[in-house]
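Q: Please read through the structure below; I'll follow up with questions.
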Amino acid sequence: MLDIKQIRNQFDEVEAKLKTRGVASEKLYELRDFDAKRRELIIETEQLKKQRNEASDAIGIAKRNKEDASAAIAQMQEVSSHIKALDSELAFFDEKVTGILETLPNIPADDVPVGADEDDNVEVKRVGEVPSFDFEPQAHWDLGEKLGILDWERGAKVTGSRFLFYKGLGARLERALYNFMLDEHAKEGYTEMITPYMVNHDSMYGTGQYPKFKEDTFELADSDFVLIPTAEVPLTNYYRNEIIDGSELPIYFTAMSPSFRSEAGSAGRDTRGLIRLHQFHKVEMVKFSKPETSYQELDKMVANAGNILEKLGLAYRIVALSTGDMGFSAAKTYDLEVWIPSQHTYREISSCSNTEDFQARRAQIRYRDEEGKTQLLHTLNGSGLAVGRTVAALLENYQNADGSIRIPEVLRPYLGGVDVIK
């Protein structure tokens, strides 16, 4: 959530920045008007409360002196009635201000590319060599089905579209990948966590999924529980409503979890394969940082995700997302996109973001600095990596002409020495 003081004091700058994220100026004008009225009411209410206190004191003095206090009592009752009416009006404007603030995305960092959508993203660099084949590479869904390691038909039968079974070496490959990822992140100082796979609505609010993006989630009926869309939600909310000792920062967490997405609005997109599912595994990285070092931590996080791809021998590129393509809570985001041979293009496999103090303000995650003052910290999150998409990339990039799949050397110890799936 944005700081209302920043909007109030730097209105023109905030308006210009949020315009690049598709926020209509009219919404900000409305917010400014509501906030001004709210502040007027606060001042008026405080003055009346002062009058009420003075009247109460006068009543007390009159009673002690056995004097007639009826005039003072009448005055206090009138003031109290006025305060009650103003409190009701103040609550109305409080709700209006909060309601708009909850829908405003984060302010983009100064160096974020300005653009309307993904077409305006800026490529930062490419890493690794795109493989060349002397045969027509097959799509991973065909490879997985022919090898008997991915079963789409029975996934659809048992649950529905965008669900599948991993089978045999397919299941072992997925498990090998996320164990490898977790081990690599542990080397970089991340504390491994196993999180709840359901969270409450307050947690979804804290990281910015609620109230704006409810349609993207799976809620449990008649309960306060939601299936997590990413481990970012429980990991970030771990410190919700807490004050951390600043000497402990930065703090790194990593976790493998299932992610549940309704994929609302994605009809017709990536209907086949592992790219867009309702349920998938993902290894998540989350950081809690002091504001002055958070962008250094973002660069490290991007390198942590890239390290996994490089050790797997997968070609990828890093892209800086434009203002129109960033997620709601992000101030700056880098996507890592892996090469998918059958599609002749790069596809997102990791998204690393600095949300600055946006999530921390919503979730009230603070730290105590060297002077003992309490401040909001910065939170960061990133995929390290989306496991199903990594399986897709491995199947396609390591395929042979006969449809078999070579296993990268770093994964073979996790598969008991298996070096090929055939």
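The values are calculated or read from the model by the stated rules, or taken from the named source; none is laboratory data. Keep in mind that this is a model prediction, so the values were computed, not measured. Here the Cβ is made from the backbone with ideal geometry for all residues, glycine too, and neighbour counts use every protein chain on show. Keep in mind that these areas ignore ligands, DNA and RNA; they rest on the heavy atoms of the full protein, side chains included. Shrake-Rupley method; radii C 1.70, N 1.55, O 1.52, S 1.80 Å.
Q: Specify whether the C-alpha gyration tensor of segment 183-289 places it in the rounded, prolate or oblate class, a ≥ b ≥ c being the square roots of the eigenvalues: rounded for a/c under 1.5, otherwise prolate if a/b is larger than b/c and oblate if not. Provide the component values of the computation, followed by the final result.
A: Numbers: a/c = 2.43, a/b = 1.42, b/c = 1.72.
In terms of gyration-tensor shape, oblate.
Q: Where a ≥ b ≥ c are the square roots of the eigenvalues of the C-alpha gyration tensor, would you call segment 123-256 rounded, which needs a/c under 1.5, or, failing that, prolate if a/b is larger than b/c, or oblate?
A: Oblate is the answer for segment 123-256, as a/c is 1.5 or above yet b/c matches or exceeds a/b.
Q: Still on this structure, I have one more. Residues of segment 6-34 with backbone nitrogen within less than 18 Å of a virtual label 7 Å along the Cα-to-Cβ line of Glu46, please, listed as ranges.
A: It comes to 6, 8-9, nothing else.
Q: Counting Lys and Arg as +1 and Asp and Glu as -1, what is the net charge of the other residues whose Cβ lies under 11 Å from the Cβ of Gly403? Provide the component values of the computation, followed by the final result.
A: Details: positive: Lys146, Lys422; negative: Asp142, Glu145, Asp402.
So the environment of Gly403 carries a net charge of -1.
Q: What's the FRET efficiency of Val130 with Asn9 using the Cβ-Cβ distance as r and R₀ = 56 Å, to the nearest 0.05?
A: After rounding to 0.05, the efficiency reads 0.70.
Q: Taking the Cα centre of segment 63-205 as origin, sum charge times position over the Cβ atoms of Lys and Arg (+1) and Asp and Glu (-1), and report the length of that vector in debye to the nearest 20.
A: Numbers: 15 positive and 28 negative charges, 191 e Å.
With Lys and Arg at +1 and Asp and Glu at -1, about 920 debye.
Q: Specify the angular offset, from 0 to 90 degrees and rounded to the nearest 10, of the alpha carbon long axis of helix 169-187 from the longest principal axis of the alpha carbons in the chain.
A: That works out to roughly 50 degrees.
Q: For the pairs Lys19/Lys125; Lys146/Lys282; Lys290/Lys373; Lys49/Lys84; Lys187/Lys311; Lys96/Lys373, flag any whose C-alpha to C-alpha distance is greater than 20 Å.
A: The pairs that break the limit, which is 20 Å between Cα atoms, are Lys19/Lys125; Lys146/Lys282; Lys96/Lys373.
Q: Just from its helices, what would the mean residue ellipticity at 222 nm be for the chain, if runs of 4 or more DSSP H residues each count -39500 (n - 2.57) and the sum is divided by every residue, rounded to the nearest 500 deg cm²/dmol?
A: On the way: 12 runs with 168 residues, N = 422.
That calculation yields -13000 deg cm²/dmol at 222 nm.
Q: Now, a different point. Would you please give the residues with an amide H less than 5 Å from that of Gln279, counting only those at least 5 places away or on a separate chain, with H modeled from the backbone geometry?
A: Amide H neighbours of Gln279, under 5 Å, 5+ apart: Arg261.
Q: Using unit Cβ charges (K, R positive; D, E negative) and no other charged atoms, how large, in debye to the nearest 20, is the dipole of the chain about its Cα centre?
A: Here the chain has a charge dipole of around 780 debye.
Q: Could you let me know the centre-to-centre spacing of segment 368-422 and segment 266-322, using Cα atoms, in angstrom?
A: Here the answer is 9 Å between Cα centres.
Q: Would you give the gap between the C-alpha center of segment 103-129 and the C-alpha center of segment 79-101, rounded to a whole Å?
A: Centre-to-centre (Cα) distance: 40 Å.
Q: Keeping the other protein chains in place, figure out the carbon and sulfur percent of the accessible area of segment 38-189, with a 1.4 Å probe. Walk me through the numbers on the way to the answer.
A: Numbers: 4440 of 9390 Å².
Roughly 47 percent, rounded to a whole number.
Q: Also, I was wondering about something else. Could you work out the local net charge near Gly273, counting Lys and Arg as +1, Asp and Glu as -1, over the other residues with Cβ closer than 12 Å to its Cβ?
A: Residues near Gly273 contribute +2 overall.
Q: Related question: If I take R0 = 30 Å and measure r between the Cβ atoms of Glu219 and Ile243 in this structure, what FRET efficiency does the formula 1/(1 + (r/R0)^6) give, to the nearest 0.05?
A: It comes out at approximately 0.45.
Q: What distance in nm separates the two pseudo spin-label positions at Val410 and Thr345, each 7 Å out from Cα along the beta-carbon direction?
A: Going from the Val410 label point to the Thr345 one covers 2.7 nm.
Q: Using a 1.4 angstrom probe, figure out how much accessible area the chain has per residue, in square angstrom, rounded to the nearest whole.
A: Per-residue accessible area for the chain comes out at 48 Å².
Q: Under a plain spin-label model, where a point goes 7 Å from the Cα along Cα-to-Cβ, how far apart in nm are Lys167 and Tyr197?
A: 2.2 nm
Q: Would you mind working out the magnitude of the charge dipole of segment 208-280 relative to its Cα centre, with +1 at each Lys and Arg C-beta and -1 at each Asp and Glu C-beta, to the nearest 20 Debye?
A: Rounded to the nearest 20 debye, it is 420 debye.
Q: Not counting ligands, DNA or RNA, and with a 1.4 Å probe, what is Tyr210's accessible surface area in Å² rounded to the nearest 10?
A: Accessible surface of Tyr210 is approximately 10 Å².
Q: Could you tell me what percent of the accessible area of segment 251-405 is made up of carbon and sulfur, with a 1.4 Å probe and every protein chain present? Before the final figure, lay out each step's value.
A: Details: 1980 of 4700 Å².
Solvent-exposed carbon and sulfur of segment 251-405 make up 42 percent of the total.
Q: Ok, one more. Once label points are set 7 Å from the Cα along Cα→Cβ at both Arg269 and Ala401, what is their separation, rounded to one decimal in nm?
A: With each label placed 7 Å out from Cα toward Cβ, I get 3.8 nm.
Q: Taking the dipole about the Cα centre of the chain, with the C-beta of Lys and Arg at +1 and of Asp and Glu at -1, give me whichever of Leu31, Phe253, Gln343 is farthest to the positive side.
A: Phe253
Q: Right, here's the next one. Could you pull out every residue, at least 5 positions away or on a different chain, whose amide H is within less than 5 Å of the one on Gly115? Hs are placed 1.01 Å off N in the peptide plane, and Pro or chain starts have none.
A: Thr323, Gly324
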